[in-house]
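Asks: Shown below is the structure under consideration.
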Amino acid sequence: MVLSYYFIKPAYNLWWYIKGLIGKREPVVLYCANTLDYHIFAPVQKHLKPIPIVAKDKQAQHALHNIGIASTCLPSFPDGVIMCRQAAYRFPASSIKKIGISHGVYNFKPFASAASHNLLDRYFMTSSTDVSNAKKFGIKSGFAVGYPKLDPAFDGTYDHSFCQTFKKKIGLDATKKTLLFTATWDKSGLSAIHHWVDKLERLTQKYNVMVTVHPWTSKPYLDLIRSTPNVFYIDTFDVVPYIMQADLCIGDASSILGECCALDKAIITFTLPDGKRTVPQVHDMIRDFSLQITQADELEDAITTSLKNPTAKQKQRAEANRIMFDILDGQAAKRAANEIIKFFPQLKK
């Protein structure tokens, strides 16, 4: 548990109580630590009455403003809170009803503490297997709904017409196949960014190259990617439309691979050493649904092989999707909204 929870809890509870007495307590709010939280929740919001947004800080508020979203900043004293993470410690009044939504696919990294999850009344996970794994870890708040962020890819929002327009909008060459590179945080011990970051310019001669990386990626890597000619750097958390453009995805242990798998993309991954952030089941699953290589000099041949036979691992991807999502039907947001309404009936449209 975050230590600040214990320091601020007494004062926060007192002020929350006083706010209630004078009728100044806020309604149910959506807490956003960054714009990813907003993008995850946006499909759910469509099924609910509008929910005011509380940003973590001025930086988050500014980022939300830049995508056209108004918000206030912490501290906040609401009747209830929804968040796309497990940050209930920021709202330490026990009477506040709290709902969390996983901000990534499945448990690609080890679970945070059971105590922090169990401060939430519900924590929406992407599958029943995810919930079962969480229970073994002591997490009691898990509830399977799917992954709302992927709904637009399955409910007709991102249809053929949308994808064609989007391809033109971002300037992809229609005569080239498109590669999407992704990497988890380079200091996690699970990143393969060092294998490919200096190979991108050569690949752009033959392919469209897009890159999305963890937001904590070290500046030298980011600078190199952004400065490489003809590389499209995806500077947004809303990556699903970009994944849909890809013919092939290349990565490591990033949970973005779960989204690539959901969209049935051919995948290449680099083998990685085990570390403290390794989830063995996930690494086994990644090995099954991707073509794995160990060295950078294997990459170009692996790309050629994967593009020639993109369905080679389709059966394994389908099995992984059953584990990670139960079902991909474009209805995850609706399931989440229906459960939210049980806690907050006032949000029913």
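Rundown of residues vs (1) in contact with a His (Cβ under 7 Å, 6 or more places away or on another chain); (2) assigned to a strand (DSSP E or B); (3) of a type in the set (Lys, Arg), yes/no style:
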residue	(1), (2), (3)
GLY23	no, no, no
ILE82	no, yes, no
ALA93	no, no, no
LYS98	no, yes, yes
PRO110	no, no, no
ALA115	no, no, no
TYR123	yes, yes, no
SER132	no, no, no
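Asks: Can you name the condition, by its number, that LEU272 falls short on among (1) over 30 Å from GLN45 (Cβ atoms); (2) in contact with a strand residue (DSSP E or B) (Cβ under 9 Å, 6 or more places away or on another chain); (3) in contact (Cβ under 8 Å) with a residue 40 or more places away in the chain; (4) crowded, with 19+ Cβ neighbours inside 10 Å?
Replies: (2)
Asks: While we're looking at this one, here's another question. Can you tell me which residues in segment 191-234 are basic (Lys, Arg) and loosely packed, with under 15 Cβ neighbours inside 10 Å?
Replies: ARG202, LYS206, LYS219, ARG226
Asks: Find all pairs meeting these conditions: Cβ atoms under 9 angstrom apart; at least six residues apart or on different chains; first residue within segment 279-302 and at pLDDT below 95 and surrounded by 17 or more Cβ atoms within 10 Å (Cβ to Cβ); second residue of a type in the set (D, E, K, R) and assigned to a helix (DSSP H, G or I).
Replies: Between residues of segment 279-302 that are at pLDDT below 95 and surrounded by 17 or more Cβ atoms within 10 Å (Cβ to Cβ) and residues that are of a type in the set (D, E, K, R) and assigned to a helix (DSSP H, G or I), there is no close pair.
One line per residue, one yes/no per condition, for (1) without any contact (Cβ under 8 Å) to a residue 12 or more places away in the chain; (2) surrounded by 16 or more Cβ atoms within 10 Å (Cβ to Cβ); (3) in contact with an Asp or Glu (Cβ under 8 Å, 6 or more places away or on another chain):
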{"site": "PHE7", "(1), (2), (3)": "yes, no, no"}
{"site": "GLY20", "(1), (2), (3)": "yes, no, no"}
{"site": "LEU64", "(1), (2), (3)": "no, yes, no"}
{"site": "PRO75", "(1), (2), (3)": "no, no, no"}
{"site": "PRO92", "(1), (2), (3)": "no, yes, no"}
{"site": "VAL105", "(1), (2), (3)": "no, yes, yes"}
{"site": "LYS109", "(1), (2), (3)": "no, yes, no"}
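Asks: Right, another one. Within segment 136-148, identify whether any single residue is part of a helix (DSSP H, G or I) and closer than 24 Å to PHE41 by Cα, and answer yes or no.
Replies: Yes; the residues of segment 136-148 include at least one that is part of a helix (DSSP H, G or I) and closer than 24 Å to PHE41 by Cα.
Asks: Further question: Filtering segment 147-186 down to residues that are of a type in the set (Gly, Ala, Ser) and under 24 Å from the mean Cα position of the chain (by Cα), which residue is nearest to TYR38 (Cα to Cα)?
Replies: Ranking the qualifying residues of segment 147-186, first place goes to ALA153.
Asks: Among the residues of segment 330-346, is any free of Cβ contacts under 8 Å to residues at least 12 places away in the same chain, outside the structural domain of PRO78 (by TED's automatic domain parsing) and among the basic types (Lys, Arg)?
Replies: Taking every residue of segment 330-346 in turn, none turns out to be free of Cβ contacts under 8 Å to residues at least 12 places away in the same chain, outside the structural domain of PRO78 (by TED's automatic domain parsing) and among the basic types (Lys, Arg).
Asks: Scan SER161, SER113, SER132 and give me the residue that is without any contact (Cβ under 8 Å) to a residue 60 or more places away in the chain, surrounded by fewer than 21 Cβ atoms within 10 Å (Cβ to Cβ), among the hydroxyl-bearing types (Ser, Thr, Tyr) and not assigned by TED's automatic domain parsing to the domain that holds PRO273.
Replies: Among SER161, SER113, SER132, only SER132 is without any contact (Cβ under 8 Å) to a residue 60 or more places away in the chain, surrounded by fewer than 21 Cβ atoms within 10 Å (Cβ to Cβ), among the hydroxyl-bearing types (Ser, Thr, Tyr) and not assigned by TED's automatic domain parsing to the domain that holds PRO273.
Asks: Also, I was wondering about something else. Counting only residues that are assigned to a helix (DSSP H, G or I) and surrounded by 19 or more Cβ atoms within 10 Å (Cβ to Cβ), how many does segment 245-263 have?
Replies: Matching residues across segment 245-263 total 7.
Asks: When residues of segment 34-44 are filtered for being surrounded by fewer than 20 Cβ atoms within 10 Å (Cβ to Cβ) and out of contact with any Phe, Trp or Tyr (no Cβ under 8 Å at 6 or more places or on another chain), how many remain?
Replies: The number of residues fulfilling the criteria is 1.
Asks: Identify the single condition in (1) out of contact with any strand residue (DSSP E or B) (no Cβ under 8 Å at 6 or more places or on another chain); (2) in a helix (DSSP H, G or I); (3) polar (S, T, N, Q) that THR278 does not satisfy, given that it satisfies every other one.
Replies: Condition not satisfied by THR278: (2).
Asks: Contact list please: Cβ distance under 9 Å, first residue in segment 172-190 and in the same structural domain as ASP247 (by TED's automatic domain parsing) and buried (at least 19 other Cβ atoms within 10 Å of the Cβ), second residue of a type in the set (Gly, Ala, Ser) and not in a loop (DSSP other than H, G, I, E, B), pairs at least six apart or on different chains.
Replies: LEU180/GLY251; PHE181/GLY251; THR182/GLY251; ALA183/GLY251; THR184/GLY251
The values are calculated or read from the model by the stated rules, or taken from the named source; none is laboratory data. For clarity, every value in this text was computed on a predicted model and none was experimentally measured. Every residue, glycine as well, gets a Cβ built from its backbone with ideal geometry; the counts of neighbours run over all protein chains shown.
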